[in-house]
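The values are calculated or read from the model by the stated rules, or taken from the named source; none is laboratory data. In this text the structure is predicted, and so the values were computed from the model without any measurement. Glycine also receives a Cβ, built like all others from the backbone with ideal geometry; neighbour counts cover every protein chain displayed. Ligands, DNA and RNA are stripped out before the accessible areas are found, and what is left, the full protein with its side chains, is counted by its heavy atoms. Shrake-Rupley method; radii C 1.70, N 1.55, O 1.52, S 1.80 Å.
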Amino acid sequence: MKLKYILATLFAGILSLAAQAGDLVIDGHLAVLDSVTGTYLCPTTIVNFGQDLETDVWCEGVTLSINGTPVADGGYYTFESIAGGKNWTVELTQGDSTVTRQLTFTYLPLVLLNGNFGKEYTQGTVQVLDPDEYIDDMMLSMVKWRGATTNLGDKHKRNYHLKFINSKGEKKNQTFFGLRNDNSWILDAGQVDFLRVRNRVNTELWNDFASKPYYYDREPKAKTGVDGQMVELFLNGQYMGIYALTEGMDRKELKIKEYNPETGEIHGQLWKAEGLTNTTSFNSFKPYNNMQETWQEFETKYPELDEVCPTDYKALGDGVYLGDTTSVAEFNATAHERFDMPVMIDYEIFLQTMLGVDNYAKNIYWLTYDTQESPMLTLAVWDLDTSMGGWWNTSSFHPNEMSPTRSFKAPNGIFVRLCRPAYIYYRQSIERYQELRKGPLSTDSLIARYTAAVNFINDCGAVQREQQRWSRDTDLSGRVLDINAELAYVTDWITKRMDFLDKTRFAMPAQGDVNVDQNVDIVDVNAVVNAMLNDGYLGNASADVNGDKVVDITDINQIFNILLNL
């Protein structure tokens, strides 16, 4: 206890940089006052929840009591059985004036954002209060709203893009919670997500199961889904609820090769599909102009046009051309040269699992590691909140379009071919799905993942605060926000969705159904003959009907045996 008191004394001077006279500091952490409810929210490490916390309390220049017990500045108080949503009454007296506040704890980090922000970058300050750290610096940042429909006039819980700077206005890298060291960060509001965690959970799911990009052996730190941390945000002293502070998706995240300014040689390239067009869905090749920053809603992200002009859309354009114009035979023969097919297969499975109707053409990052070596395209995921039965606007947040039994052949010239029996990747996708169903895509695993995410924000009281803050807001079209009810809906939705996919899109064809028309007949004999003439593989099902690793007359005999025993 003496050591803790000494440490608290040492930190008192440091904390004065972040906490001003009259601010309440508990156990070395600044308690933040919500200007609307008059409630203090104080971060504390998660190990303190469910425990008594005997600790120092500081409030310079103010006399205070907690639950009627006077506490001297720097004195000790025991907060008994800390729990989410549990409150303590704090009386603060300065001169003849006394105010009464409520105090509660959270184990989520707090982000304090101050400034006047809009669609263009303006300067503000950011302070991140980490429950596991004592020193919390005030940082300068350029901040703007991010997103499109989330920034309409009647929206309030907005997303933010932060770019940290130093006092000279130069880029300054920051790191939080063991994530990357960078100046660019995202505050994701989950504005239209009635669960508030879909984007974060789905991104972590992708990170856990997806095949690594084709260049991973050279860049083992490459990530195709950003990492992040759930936090609680205050904007200009007003509580704004649950957010996810995440890394940005960029060249550094993906570890693609840098542009060479000395030679002017382009290597790694990155584009974001910002909107839904026939071109971003790889269904219509249109001429591109290398002098322009965008092409049919593909936006050049790296290298940026102000770094290199002209840019070069050839690798991306050739990929769109292949998706748009090629025959079945040509696609089967060449797709693996243009696309990172293990990743493409995993992404189509991902789309089917979460019913990603907003992610088959837009909200995708397309990239190539080094166009000087190979034009091969792979992808990275983004903005995954329209998923798992959740919709992109609140006019009907559980619409028929998101029914768990909806058949979804993603209308993208690449992914839709994975859903069709004529393509060799169809069977591969079924086999990969069935492998994943034994692990990260098992029904129990998916439900457990969502349940754990909601329990995490619930057990510290954040769910209760979020619902109190945003229920009936126009962001939600006046609806009551009930996160636990939404979790029950998602649990049921996942159960029905995975059962549906097992029986439809990813059902393994019957033995002998070589052409995958749901029948075993003479047509399958012809398919085996064709397979013998085409290196032993046709469509989605192996022509190796008897499983001896050879396609020959014995497979035809096996089909006749199946027919005789029907």
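In the set (1) open to solvent by less than 30 Å² (accessible area, probe 1.4 Å); (2) modelled with pLDDT of 95 or more, the condition left unmet by ASN67 is number (1). The residues of segment 166-205 that are aliphatic (A, V, I, L, M), in a loop (DSSP other than H, G, I, E, B) and either surrounded by 17 or more Cβ atoms within 10 Å (Cβ to Cβ) or touching a helix residue (DSSP H, G or I) at 6+ places or on another chain (Cβ under 8 Å) (or both), listed by number, are ALA189, VAL192, LEU195, VAL197. GLY413 satisfies every condition listed in (1) surrounded by 18 or more Cβ atoms within 10 Å (Cβ to Cβ); (2) among the small types (Gly, Ala, Ser); (3) within 20 Å of the chain's Cα centre (by Cα) except (3). Among the residues making up segment 459-498, those that are open to solvent by 40 Å² or more (accessible area, probe 1.4 Å) and of a type in the set (D, E, K, R) are ASP459, ARG469, ARG472, ARG479, ASP482, ASP492, LYS496.
Per-residue answers, yes or no, for (1) closer than 30 Å to GLY461 by Cα; (2) without any contact (Cβ under 8 Å) to a residue 40 or more places away in the chain; (3) part of a loop (DSSP other than H, G, I, E, B):
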residue	(1), (2), (3)
ASN207	yes, yes, no
GLU232	yes, no, no
ILE242	yes, no, no
LYS252	no, no, no
THR263	no, yes, yes
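Do we have any residue at all in segment 327-338 that's surrounded by fewer than 20 Cβ atoms within 10 Å (Cβ to Cβ) and in a loop (DSSP other than H, G, I, E, B)? Yes, segment 327-338 has at least one match. Looking only at segment 340-349, decide whether some residue is of a type in the set (Asp, Glu), in contact with a helix residue (DSSP H, G or I) (Cβ under 6 Å, 6 or more places away or on another chain) and crowded, with 16+ Cβ neighbours inside 10 Å. Yes, some residue in segment 340-349 is of a type in the set (Asp, Glu), in contact with a helix residue (DSSP H, G or I) (Cβ under 6 Å, 6 or more places away or on another chain) and crowded, with 16+ Cβ neighbours inside 10 Å. The residue that is farthest from GLY547 (Cα to Cα), counting only those in segment 469-524 that are at pLDDT below 85 and of a type in the set (Gly, Ala, Ser), is ALA510.
Among the residues making up segment 115-131, those that are surrounded by fewer than 20 Cβ atoms within 10 Å (Cβ to Cβ), in contact (Cβ under 8 Å) with a residue 24 or more places away in the chain and in a loop (DSSP other than H, G, I, E, B) are GLY115, GLY118, LYS119, GLU120, TYR121, ASP130.
Evaluating ALA422 against the criteria (1) at pLDDT below 95; (2) of a type in the set (A, V, I, L, M, F, W, C); (3) in a helix (DSSP H, G or I) leaves one unmet condition, (3). Scanning segment 290-301 for residues that are open to solvent by less than 60 Å² (accessible area, probe 1.4 Å) and either out of contact with any strand residue (DSSP E or B) (no Cβ under 7 Å at 6 or more places or on another chain) or without any contact (Cβ under 8 Å) to a residue 60 or more places away in the chain (or both) yields ASN290, TRP295, GLU299, THR300. For the condition open to solvent by less than 10 Å² (accessible area, probe 1.4 Å) and in a loop (DSSP other than H, G, I, E, B), THR224 does not qualify. I'm checking my understanding of the structure. Among residues of segment 416-428 that are over 16 Å from VAL514 (Cα atoms) and in contact (Cβ under 8 Å) with a residue 60 or more places away in the chain, which one is least open to solvent (accessible area, probe 1.4 Å)? Taking the candidates together, the pick is LEU418.
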